[in-house]
Amino acid sequence: MTRPLTAAQRRLIEAADPGTGRLKGTEAQLTALVKRGLAFRHPRPPHDHFLTPAGHRAREAQTGPPEPDEPQTPPSTGGVFTARVGGEPAPPAAGGAARAREVRSAWQGMLELRRMTNADASTDRPCAWERTHLAQAAALALEAAGHRPAEADGEDGYRVRDTPQPDAVAVYAPDAALRACAETLEGAGWQAGEYTESRTRRRYVLASPRRV
């Protein structure tokens with residue numbers, strides 16, 4: 001279970017720049033947010049810290065009472081939002097309009113992360129975080145575009161799965177929706193092509209983050 005933010009961490013996140021997500025605080029405070037997946041340190045000087053998509057989510061929807069401030073560093077945990085890769089045994093509790101708001105906010109946070117971390121401030125291609133979280137990144141792009149993830153016992157929606165290739169994921173979906181999934185990923189900065197499994201003859205999309 002994700003540990004609630006301390007009062008100091010809440011204040012730090014709430015005080016972040018509303019446009020860029022830039023944070024100000026002590027090195028220890030900022031490092032603690034990085035370890036929780038709520039902030040990242042910009043790779044270029046002056047190495048400022050900014051909110052991650054999870055950090056933006058935490059600012060918009062902080063729940064539960066804050067814990068007392070502690071000198072210890074919080075454990076390393078992820079944010080509260082997880083994109084649906086399809087087929088999860090227990091889908092997110094939030095649904096309908098609430099889930100749509102969460103997804104929309106997470107996608108906007110991802111675009112901001114691209115702007116802040118891509119060398120040319122480009123938002124039309126994936127950033128380093130997406131390249132190291134391929135399935136989650138591709139699933140977020142699909143869910144944000146309105147595609148429906150498959151339920152645990154169904155085949156009607158999409159399913160994003162890792163592949164033996166280190167920089168590619170496979171997306172499975174009904175034939176009628178497969179081309180639309182490929183187009184969505186292409187529009188989100190991915191290279192996507194449709195293929196057929198030789199053994200099962202099942203169609204799928206192989207997608208990898210575009211670099212230029």
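No lab work stands behind these numbers, since they all come straight from the coordinates. None of the values given here were measured: they were computed from a predicted structure.
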inquiry  = Tell me which DSSP H helices of the chain clear both cut-offs, 18 Å or more of axial length from alpha-carbon atoms and a mean Kyte-Doolittle hydropathy of at least -1.0.
reply    = 96-117, 175-187
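Between Arg104 and Val212, 0.36 nm times their residue separation minus their Cα-Cα distance comes to what? Before the final figure, lay out each step's value.
Values: separation 108, 0.36 × 108 = 38.88 nm, distance 2.52 nm.
Contour length minus the Cα-Cα distance gives 36.4 nm.
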ask   = Cα gyration tensor of region 112-169, axes a ≥ b ≥ c as square roots of the eigenvalues: rounded (a/c below 1.5), prolate (a/b > b/c) or oblate?
value = oblate
